Amino acid sequence: MLSPEKQGLQEWASVHVTHPTTVAEIINVDNVGPDGVLLSGWEMFRFAGESLDLLIRQARDAGTRILPIGSGWALSRINITDGWLVNTKLLNGCYDIGDQYLHADYPAEKRPNVVLAQAGMQIAELNAYLELIPRNDADRRAIQAAGIGNGQTIAGSVSGNTHGSQLTFGAMPDWVAGLHIATGSGQTLWIERKSKPVVNDAFVAKLGAKLIRDDDIFHAAVVSFGTFGIIAAVAVETAPIYQLEFGDIADPSYADLKKTLTGFATTPPANLYHYEFIFDPYNKKQTAMVGSAPKVPFKPGVPTPRPRWIIRDKFGYAPGINLLKILGLFRSFVPPGLITGLEYKQYRKIALLNRCRGTPGQIYTSSVYYLEGYIESAYAVSVGDAPATIEISSEVVRAMRLPYINQVRLCRASTGTLAFTHHEPITAVFEYGMLHDGKYPEFERRLDEAFRKAGIRYSMHWSKNSGIDPAKLEYMYGTARIASWKAARRAVFGNDQTLMKLFETDTMVEAGLA
Amino acid sequence: MSKPIGTSRFSAMSTYLIYQDGGIGDSQPQNMPGTEWESRTLHSFAWGLYRQDLPVTNCRLANGQRLGIEEIRIGRSIWMMLLTLVTLGAVAPTRVSWRCCRPPSQSGVLE
């Protein structure tokens, strides 16, 4: 049921307070039905979709833009609107799909692993549903890709292209098998691949949706950052339960690391699932830290490892919200290499996975309350270009005297049309956390210049960038992908320009995607 | 006003963050809010003799079912601190912000 807060214009900011804004209204959507009863099962999914569709039509009548919000973790302006902000976090149901509703062509061995989760379900909630609720180990399942944290909502992580470090799988959008979307047309849509149908007509009828079975539309809709309508639910393809086993952090030389990365480009490793590395652009020893883990069989009774990224000490003390603002004032007086040296040591201590074993739900639990005034830039390249990117990134960082280290996570290339993790065969995502000031866009401008000069194709993380213009977008994805994405968007909205405009954010207009 | 304290440069001189932690399997993040921030500025007068309460009414589903509070932020701006100092504690304002819990997740099999 729709519950507008009825406060009218109000200030709103994402979790990391990167781009405070004023929204016209915040509207909560939950699973309460028209009679005031909490709905479940088919009724719940159907009514949620219809409520969202109604809300979009109300926005059209009110002449206001509308944007769904997940957990609000994005650091870019991707989740910024001046219109209605739709809080989907109260839509957090998750169900297994009865065999009679799965498509006849869907493989028998995968059938027990498909679940239908509502858009606002948090990844931590999904993990609990898959891993902890089943009584028998044989019934436990796990998600196939996760970011380092688990606070995102399902729709937010998928449509914003959250990535993890799954070398042989992909990023989070790659576990989507189907999407239930409201567009304001009066009937919700179920979108899935024609080449890999997952549900049958009876399933779609139960949802009261219209079926779109089309590979191009599916691949475009998966990574669409809230511009294809409002996602009500997602069919998630999970895997039988597994664990990851992290050994000691390795400290290879740059030469050895680059040799490994080059090797990944030709022969993706079969024995590793997670692979990430950290480097200090000022490190004269030219060594990096590597955290990696193979997928191992599930062993019951393994305790949850101590969460990473917890910055609170045993007495409960943690850096306050003004810390970075103060540190920023001193930044110009302290040699950047001194700060990065300290960061590098701290990262090993509190952030990098080390000597632990667990399921994805136990391992990927970082939920650091990001320090306000902090922001990130993330850029992806093919793993074959990763050695050159280490040098390019370091040179830009040193030239700007920026005092921050670089984290790099690797995942198999994604299939989403505008997935920034699309670089074959494996995408290396370089993440660079920094203070949110004037140097942030300048850093990305210099990177863009350096990548073009070196002839390296790259793409910016949709949730971690200072802005993407049409020229940059074309360099990142090429005209064919962009045209395909736009055509898919028109098809989803039935070419209804009024509805399409409701979902046009400033970010997508500036990128030339409108 | 839903803006919590401390979301612009040096707008808060003291803040406290209170949140739920743990959960099933000890693998939930330290906070899992279901709503966006709500905020109010509260006043205490005459060294606690008279106070302003904060009845929370937004942490509920559309049918009125309560959800509970997931996370609270308490803080004071420099102006609040100065007012408290100048009045020797007779007027002591504080900014309180909160986010509500998520409802229990509905689950089962679609038959």
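The values are calculated or read from the model by the stated rules, or taken from the named source; none is laboratory data. Predicted model only: the values in this text are computed from it and were never measured. With ideal geometry, Cβ positions are generated from the backbone for all residues, glycine too; neighbour counts draw on all protein chains shown.
Among A:S76, A:S71, which is the only one that is away from every other protein chain (no Cβ under 11 Å), touching a residue at least 40 places away in the same chain (Cβ under 8 Å), of a type in the set (S, T, N, Q) and more than 17 Å from A:A24 (Cα to Cα)? Spell out the reasoning first.
Details: A:S71 fails: away from every other protein chain (no Cβ under 11 Å).
Result of the check over A:S76, A:S71: A:S76.
Number of residues in the range A:155-170 that are more than 10 Å from A:Y275 (Cα to Cα) and of a type in the set (A, V, I, L, M) equals 2. Looking across the range A:79-97 at every residue that is of a type in the set (S, T, N, Q) and within 8 Å of chain B (Cβ to nearest Cβ), the one that is surrounded by the fewest Cβ atoms within 10 Å (Cβ to Cβ) is identified as A:N87. For the range B:97-111, filtering for residues that are more than 7 Å from every other protein chain (Cβ to nearest Cβ) and without any contact (Cβ under 8 Å) to a residue 12 or more places away in the chain leaves 1.
How about the range B:2-97: which strands (runs of 3 or more DSSP E) wholly inside it have at least 3 residues that are touching a Ser or Thr at 6+ places or on another chain (Cβ under 9 Å)? Full working, then the answer.
Details: elements: B:14-19, B:38-45, B:69-76.
Answer list for the range B:2-97: B:38-45, B:69-76.
Give the range A:317-344 a look and list any residue that's at pLDDT 85 or above and more than 27 Å from the chain's Cα centre (by Cα), or say none. Those that are at pLDDT 85 or above and more than 27 Å from the chain's Cα centre (by Cα): A:Y317, A:V334, A:P335, A:P336, A:G337, A:L338, A:I339, A:G341, A:L342.
Of everything in the range B:14-51 that's modelled with pLDDT under 85 and surrounded by 17 or more Cβ atoms within 10 Å (Cβ to Cβ), which residue is farthest from B:L83 (Cα to Cα)? Once the filter is applied, the top-ranked residue is B:G25. If you go through the range A:194-231, how many residues are free of Cβ contacts under 8 Å to residues at least 60 places away in the same chain, under 25 Å from A:E43 (Cα atoms) and more than 14 Å from chain B (Cβ to nearest Cβ)? Residues meeting the conditions: 5. When the range A:156-173 is filtered for residues that are over 9 Å from the mean Cα position of the chain (by Cα) and either without any contact (Cβ under 8 Å) to a residue 12 or more places away in the chain or not in a loop (DSSP other than H, G, I, E, B) (or both), the ones remaining, listed by number, are A:Q166, A:G170.
When the range A:329-386 is filtered for residues that are surrounded by 16 or more Cβ atoms within 10 Å (Cβ to Cβ), within 14 Å of chain B (Cβ to nearest Cβ) and farther than 30 Å from A:L418 by Cβ, the ones remaining, listed by number, are A:C356, A:R357, A:G358, A:T359, A:Q362. Counting only strands (runs of 3 or more DSSP E) that fall entirely inside the range A:1-112 and contain at least 2 residues that are not hydroxyl-bearing (S, T, Y), the qualifying elements are A:2-4, A:10-12, A:25-29, A:66-69, A:84-87, A:94-97.
Of the strands (runs of 3 or more DSSP E) lying entirely inside the range A:178-238, those carrying at least 2 residues that are surrounded by fewer than 24 Cβ atoms within 10 Å (Cβ to Cβ) are A:210-213, A:230-237. Applying the set (1) touching a residue at least 40 places away in the same chain (Cβ under 8 Å); (2) touching a helix residue (DSSP H, G or I) at 6+ places or on another chain (Cβ under 7 Å); (3) at negative phi to A:I148 leaves exactly one unmet item: (2). Checked against the criterion of being closer than 19 Å to B:Y16 by Cα, β-branched (V, I, T) and not assigned by TED's automatic domain parsing to the domain that holds A:Q122, the candidates A:I363, A:I350, A:I339, A:I311 yield just one match: A:I311.
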